[in-house]
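The structure appears below as structure tokens.
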Amino acid sequence: MISSKSGCLGTASPVGRARTGARAGRGTGVTRCLSYAALGVLIAYAAVAPARAADVIKGSQVYARHCAACHGPNGISVMPGAPHLARGDGLMQSDMTLLASLKSGKNAMPAYLGILSDREMLDVIAYSRTLRQ
Ligand code: HEC
């Protein structure tokens with residue numbers, strides 16, 4: 001089946017319009033496609049923007065203050081049961097999963113919801129990933 005003339009995202013097929021004026025019909029379709037594409041890019045950007053904007057320098061300050069006591073200044077754990085971030089332990093997860101763990105806490109690890117902002121947690125997650133040796 002040839003569907004090259006079907007509309008963007010399966011909506012508003014320009015085929016009908018093509019009968020009245022191919023150029024005008026196609027123009028409308030392309031414009032609509034472009035605005036869907038632009039919307040898609042915006043949504044995609046919004047989804048990844050927090051991770052992209054992570055500030056490792058700020059993350060290192062947060063780490064020194066809130067995390068080093070258990071995970072060690074260089075990611076070599078100083079508390080039994082706390083993963084060695086320098087070995088990448090516990091870091092084989094997405095930023096969003098780790099963000100959720102930091103917010104809610106995990107066993108002996110305290111919850112950081114209300115203590116650190118999402119941004120600070122994402123910064124410290126980004127910094128934690130740099131500790132890997
Ligand atoms: C009081 C000690 C303590 C502090 C402070 C602490 N952690 Fe943890 N952390 C732990 C322990 C214990 C675990 C293991 C939890 C478990 O899986 O039982 C852990 C687990 C983790 C993990 C792995 C999570 C997983 O799902 O396996 C990461 C990443 C992590 N901590 C990062 C941090 C960061 C970043 C901070 C600072 C914002 C921090 N921790 C502060 C003790 C601590």
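The values are calculated or read from the model by the stated rules, or taken from the named source; none is laboratory data. Because the structure is predicted, anything quoted here is derived from the model rather than measured. Every residue, glycine among them, receives a Cβ derived from its backbone with ideal geometry; neighbour counts consider all protein chains shown.
Taking only region 76-104 into account, find how many residues are surrounded by 15 or more Cβ atoms within 10 Å (Cβ to Cβ), more than 9 Å from the ligand (Cβ to nearest atom) and within 23 Å of the chain's Cα centre (by Cα).
Of the residues in region 76-104, 5 are surrounded by 15 or more Cβ atoms within 10 Å (Cβ to Cβ), more than 9 Å from the ligand (Cβ to nearest atom) and within 23 Å of the chain's Cα centre (by Cα).
So which residues in region 53-75 are assigned to a loop (DSSP other than H, G, I, E, B), modelled with pLDDT of 95 or more and surrounded by 15 or more Cβ atoms within 10 Å (Cβ to Cβ)?
ASP55, CYS67, GLY72, GLY75 - these are the residues of region 53-75 that are assigned to a loop (DSSP other than H, G, I, E, B), modelled with pLDDT of 95 or more and surrounded by 15 or more Cβ atoms within 10 Å (Cβ to Cβ).
Could you count how many residues in region 105-133 are more than 10 Å from the ligand (Cβ to nearest atom), charged (D, E, K, R) and out of contact with any Gly (no Cβ under 8 Å at 6 or more places or on another chain)?
Selection size over region 105-133: 2.
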